[in-house]
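Notes to accompany the following structure.
We did not get these values from a lab; they are worked out from the coordinates using the rules stated. Since we're looking at a predicted model, the values are computed, not measured. Don't worry about glycine lacking a Cβ; one is built from the backbone with ideal geometry, like all the others, and counts go over all protein chains shown.
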């Protein structure tokens with residue numbers, strides 16, 4: 001069961017490392033290539049991300065998220081860190097391409113597919129400007145200034161769209177709706 | 001119990017998740033709700049952003065050589081909880097992670113990211129770090145931060161900070177070295193984040209950092225200080241440059257006799273971190 005991989009890693013099971021890479025390596029590799037646009041950087045980043053994953057496997061809480069989302073979160077944070085050190089430019093991808101319906105990839109991890117589609121539906125429920133800003137921020141890793149430069153929107157407007165978009169997406173996806181406190 | 005955030009608090013949390021926040025914004029968030037970063041909203045925004053990031057991922061297969069490298073490197077990390085260890089000469093503070101604290105792990109997991117780790121570790125009263133004795137009122141005097149937090153603050157506040165990734169040198173025991181160097185000329189401050197550097201016997205040798213300002217690796221680079229590695233895992237070490245550093249082109253770690261040397265023979269280079277030309 002893929003959802004037990006992190007627990008096995010936390011228990012020091014070396015075999016689970018390979019299972020983890022087979023299950024989530026593609027997701028992390030995909031995120032890294034998309035956000036960094038440079039294979040060398042992406043390779044370095046993927047190695048760093050998995051070191052983070054190994055070290056934090058024991059802190060995964062299945063009541064909070066799926067393993068897929070947990071690993072995607074670690075990956076996103078590490079990638080943003082790298083992006084902040086590069087003088088990157090907005091990608092050549094058009095906004096329309098980025099907002100295209102996710103392709104049904106046969107060999108994609110099912111959980112990634114399901115969660116990606118759920119997120120896509122939430123995104124489509126937002127106003128176009130909110131979709132645009134969130135995509136540029138989350139998918140491309142651009143700063144609010146870079147988004148402002150790329151879209152011509154004033155900085156304050158970028159922030160407003162990003163905030164409202166994220167709040168609404170959270171509501172649509174029902175993330176964190178539980179009234180219980182986070183266990184600390 | 002986490003406090004109920006008002007609209008402004010939620011806005012700041014969103015900014016925190018998507019773009020990172022400034023020190024001033026962080027203080028504002030803390031003043032609105034001291035435990036905002038350990039609450040349900042903060043976690044929910046992080047997971048929402050993570051799920052959105054999965055849209056249109058192609059799940060291409062990890063290249064085999066990368067797969068193999070990660071597996072090989074995993075042996076020193078899998079089952080190892082502690083992620084920061086001491087470098088005694090620099091008063092590095094080891095951080096204890098609270099295994100039950102989601103924001104403890106999240107704080108670490110995003111340590112390299114925008115600003116979340118700094119916020120969590122400073123402001124979460126249950127984060128389990130050794131940044132102790134938080135007063136109720138915001139202090140005038142700055143809290144003593146861990147090297148990990150100081151590194152993060154430098155990243156967050158110094159847009160011009162340089163970064164260089166470690167790669168192996170000639171020392172065979174550190175072929176798996178990884179991590180990076182962050183350096184700010186303006187602040188004359190920097191931090192090394194290193195994994196894969198073996199524990200040294202202080203009685204026999206120490207590691208020494210060298211800072212090169214010429215891309216041709218001049219004969220007399222600047223001394224970045226000596227340090228020790230006490231445990232396996234990742235270490236964060238402040239750079240202790242003896243004289244002013246200007247626009248460094250590369251960093252190198254050599255293995256030297258205890259106390260270091262004035263001029264290294266470069267017989268055992270444990271790691272080399274060239275600054276990418278676009279940054280220098």
Inter-part distance where segment B:188-248 and segment B:8-75 are each reduced to a Cα centre, Å: 30 Å
Linear extension gain, residue B:240 paired with residue B:27, 0.36 nm per residue minus alpha-carbon span: 73.8 nm
Neighbouring partner chain Cβ atoms per residue of A:138-144, average, 10 Å criterion: 4
Mean Cβ neighbour count within 10 Å, used as a protection proxy, ranking B:48-57, B:233-242 highest first: B:48-57, B:233-242
Order of B:7, A:48 - criterion: other Cβ atoms within 10 Å of each residue's Cβ, fewest first: B:7, A:48
Efficiency of FRET between residue B:262 and residue A:39 - r from beta-carbon atoms, R0 51 angstrom, step 0.05: 0.80
Rounded, prolate or oblate (a/c below 1.5 giving rounded, otherwise prolate when a/b exceeds b/c) for segment B:177-280 by Cα gyration tensor: prolate
Segments A:147-160, A:16-29 sorted - mean Cβ within 10 Å per residue, highest first: A:16-29, A:147-160
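Shielding of B:159-167 by partners, i.e. mean partner chain Cβ atoms within 10 Å per residue?
Values: counts 3, 0, 2, 1, 5, 1, 7, 1, 1.
For peptide B:159-167, the averaged partner shielding equals 2.
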Least to most buried among B:220, B:171 (fewest other Cβ within 10 Å first): B:220, B:171
Packing rank of B:259-266, B:64-71, where each peptide gets the mean count of other beta carbons within 10 Å, highest leading: B:64-71, B:259-266
Relative exposure of A:34, A:170, judged by other C-beta atoms within 10 Å (fewest first): A:34, A:170
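Residues of B:17-25, mean number of Cβ from any other protein chain within 10 Å of their own Cβ, rounded to a whole number?
Counting other chains' Cβ atoms within 10 Å and averaging over B:17-25 gives 5.
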Under the Debye formula (equal points on every Cα, no solvent term), log10 I(q)/I(0) of segment B:226-275 at q = 0.13, 0.14, 0.25, 0.31 Å⁻¹: -0.37, -0.43, -1.37, -1.45
